[in-house]
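Reading through the structure tokens given below for one structure.
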Amino acid sequence: MVERDVLTLEPGRVTGLIGHPGFGLTRIGLTMLARRSAPGPVVYLDARGWLCPPAAWEVGIAPERLVVVRCSDPVRWARVAATLLEGIPGLYAEVPRGVKDAQLRKLAALARTRQVPVVLRPVRGELPPGIAHLRLEAREVQWGGPDGGHGRLQRRRLVFEASGKAMRGRSETIEVEDHGADAVRLVPRLAVAPAGRAAG
């Protein structure tokens with residue numbers, strides 16, 4: 001059983017989201033950010049230019065509580081990210097290729113100092129060891145609804161491996177369910193049998 005809700009960001013901690021596109025990582029990150037948006041605007045640092053603001057609104061971030069900043073240049077990215085940490089309740093940052101490990105370590109230290117929770121999502125590859133307090137790596141996507149390639153998608157179940165200091169040195173498989181119309185939720189350990197599987 002997961003001892004805490006891994007979708008809840010902790011002040012000053014970095015959560016790393018690792019995995020290929022199509023595994024629902026943006027939606028997971030937005031759900032985490034939504035839980036921090038009540039006291040003030042949260043920031044999405046968009047390195048790919050892909051974010052669609054209605055996706056954030058769907059998970060509960062009010063339009064006036066979302067700030068989207070686009071920066072794909074790895075040299076400027078670290079300065080932009082550090083500047084954004086000033087006085088915000090939460091930051092989701094896509095990490096473009098070419099950002100140096102030392103810059104990410106400085107950003108993590110700054111997040112600790114300013115007590116701002118940060119979600120880091122590398123566009124490709126991994127985060128350097130020791131950066132993420134919690135690491136969520138996408139493992140599998142399970143779809144429910146279509147039968148034989150036909151029908152309406154009713155839900156998506158995302159399977160992650162959770163590890164890092166937040167898990168007290170253990171690795172644990174967690175499942176997150178997404179119905180598409182609201183924020184995602186953790187699936188209890190004793191959930192019903194999973195939906196039919198498909199590559200994602």
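The values are calculated or read from the model by the stated rules, or taken from the named source; none is laboratory data. Every value quoted in this text rests on a predicted model; they were computed, and no experiment measured them. Positions of Cβ are generated from backbone atoms using ideal geometry, with glycine treated the same way; all protein chains shown enter the neighbour counts. Ligands, DNA and RNA are excluded from the accessible area calculation, which covers all protein heavy atoms including side chains. Shrake-Rupley method; radii C 1.70, N 1.55, O 1.52, S 1.80 Å.
At a glance:
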{"read-out": "ARG27 vs. criteria of a type in the set (D, E, K, R), over 21 Å from ARG112 (Cα atoms) and either open to solvent by 20 Å² or more (accessible area, probe 1.4 Å) or in a helix (DSSP H, G or I) (or both)", "value": "yes"}
{"read-out": "Residue that is surrounded by the fewest Cβ atoms within 10 Å (Cβ to Cβ), among those in the range 98-116 that are touching a helix residue (DSSP H, G or I) at 6+ places or on another chain (Cβ under 7 Å) and in a loop (DSSP other than H, G, I, E, B)", "value": "GLY98"}
{"read-out": "Residues (in contact with a strand residue (DSSP E or B) (Cβ under 6 Å, 6 or more places away or on another chain) and within 20 Å of LEU51 (Cβ to Cβ)) located in the range 90-115", "value": "GLY90, LEU91, TYR92, ALA93, GLU94, VAL95"}
{"read-out": "Subset of the range 30-57 [closer than 25 Å to ASP73 by Cβ, hydrophobic (A, V, I, L, M, F, W, C) and open to solvent by 40 Å² or more (accessible area, probe 1.4 Å)]", "value": "TRP50, CYS52"}
{"read-out": "Residue list for the range 187-198, restricted to those being modelled with pLDDT of 60 or more and touching a strand residue (DSSP E or B) at 6+ places or on another chain (Cβ under 6 Å)", "value": "VAL187"}
{"read-out": "The one condition in (1) open to solvent by less than 80 Å² (accessible area, probe 1.4 Å); (2) charged (D, E, K, R); (3) farther than 30 Å from SER171 by Cβ that ARG70 fails to fulfil", "value": "(1)"}
{"read-out": "Residue satisfying condition, being in contact with a Pro (Cβ under 6 Å, 6 or more places away or on another chain), farther than 25 Å from GLN142 by Cβ, assigned to a loop (DSSP other than H, G, I, E, B) and open to solvent by 30 Å² or more (accessible area, probe 1.4 Å), within set PRO89, PRO11", "value": "PRO11"}
{"read-out": "Among residues of the range 141-183, those that are among the small types (Gly, Ala, Ser), surrounded by fewer than 13 Cβ atoms within 10 Å (Cβ to Cβ) and at pLDDT 75 or above, counted", "value": "2"}
